[in-house]
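To keep things clear, I will list the structure first and then write my remarks on it.
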Amino acid sequence: MSYGSKPILQGIDLDVYEGQIIGYIGPNGAGKSTTVKIMLGLIEGYQGEVHIFGRDIADGDMEYKRRIGYVPEVAELYDSLTAQEYLSFVGELYGLTQRKADHKARRLMAKFGLEEVYFDRISSFSKGMRQKVLLISSLLHNPDILFLDEPLSGLDANSVMIVKEILSALAAEGKTIFYSSHIMDVVEKISSRILLLNGGQIVADGSFEELREQSHERSLEQIFNDLTGFHEYKDVAASFVSIVQEV
Ligand SMILES: Nc1ncnc2c1ncn2[C@@H]1O[C@H](COP(=O)(O)OP(=O)(O)OP(=O)(O)O)[C@@H](O)[C@H]1O
């Protein structure tokens, strides 16, 4: 995949299975979102083939999208809508009846402690409340594959625990979860498989234990630093601060 003449992804060849939580990590600009957008059918013009549920996504049949849920890193929520209106609307887009979507959304909101704001406009919601609405909207139609981009963004510690537990339970039910994040200790804990993208290529692929054995580092953060060749963080920070101090 290239943007103009700039190559972004090169020679990515992966098989992903049911029930896997894939921690998809890599430096800023490595191409994680680009990969996800290709799989969501949002970007065309890539070379190669992407098969989802056994079918080439380029064959024109969009049915596969009904079985996918997506939490983007930055989302346009319709601020002028109430949570009820927004979630019913999204549910209907995914093929649920308005009544079914509303009934499900209301109970899911209640599980996140948001039953009292269900009829409030999203414009009045805090960052974490919006994130919970996004998570619910990605799950209303009970998708088989979930693409999550920084899904814990803005969530408090209790909500983080609930969402991590929900993801484990969904994976145990056979759902496949693509989890893209820069929070290494969470990726380390929840992923059954970790993919590290660097320079447009997958440079590590395995469970945390496998990556740890291969690299002899103790944490995923250290493995990340090691494999992306970044050891000079102290020098970078010191020179950054010295520029800040110039007046
Ligand atoms: N629409 C676009 N047009 C041109 N270049 C783009 C476009 N979208 C992304 N890129 C470039 O593609 C590269 C990969 O971007 P991408 O958003 O996939 O990275 P990422 O791994 O998700 O990064 P981050 O961790 O910062 O979210 C970057 O160099 C970016 O500038």
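Taking the conditions (1) within 15 Å of the ligand (Cβ to nearest atom); (2) within 30 Å of Gly229 (Cβ to Cβ); (3) touching a residue at least 40 places away in the same chain (Cβ under 8 Å) in turn, Lys37 satisfies each one other than (3). Inside region 35-83, residues that are of a type in the set (Phe, Trp, Tyr) and outside any loop (DSSP other than H, G, I, E, B) make up a count of 2.
When only residues in region 202-211 that are touching a Leu at 6+ places or on another chain (Cβ under 8 Å) and over 23 Å from Leu170 (Cα atoms) count, which is farthest from the ligand (Cβ to nearest atom)?
Filtering region 202-211 down to residues touching a Leu at 6+ places or on another chain (Cβ under 8 Å) leaves 202-205, 208, 211.
The next check asks that each one be over 23 Å from Leu170 (Cα atoms); those that pass are 202-204, 211.
Numbers: Ile202: 13, Val203: 13, Ala204: 15, Leu211: 19 Å.
Here the answer is Leu211.
Within region 144-190, the set of residues being β-branched (Val, Ile, Thr), in a helix (DSSP H, G or I) and within 16 Å of the ligand (Cβ to nearest atom) comprises Val186, Val187. Screening region 40-55 for residues that are within 15 Å of the ligand (Cβ to nearest atom) and surrounded by 17 or more Cβ atoms within 10 Å (Cβ to Cβ) and picking the one that is nearest to the chain's Cα centre (by Cα) gives Leu40.
When we screen His141, His231 for residues that are more than 16 Å from the ligand (Cβ to nearest atom) and either over 18 Å from Gly69 (Cβ atoms) or modelled with pLDDT under 95 (or both), the only hit is His231.
Of these, Phe178, Phe240, which one is in contact (Cβ under 8 Å) with a residue 40 or more places away in the chain and either within 18 Å of the chain's Cα centre (by Cα) or under 28 Å from Lys6 (Cβ atoms) (or both)?
Working: Phe240 fails: in contact (Cβ under 8 Å) with a residue 40 or more places away in the chain.
So the residue among Phe178, Phe240 that is in contact (Cβ under 8 Å) with a residue 40 or more places away in the chain and either within 18 Å of the chain's Cα centre (by Cα) or under 28 Å from Lys6 (Cβ atoms) (or both) is Phe178.
Can you name the residue in region 5-34 that is within 16 Å of the ligand (Cβ to nearest atom) and of a type in the set (S, T, N, Q) and, of all such residues, is farthest from Phe147 (Cα to Cα)? Among those residues, the one meeting the criterion is Ser5.
The values are calculated or read from the model by the stated rules, or taken from the named source; none is laboratory data. Because the structure is a prediction, the values reported are computed rather than measured. Neighbour counts run over all protein chains shown; Cβ positions are idealised from the backbone, glycine included.
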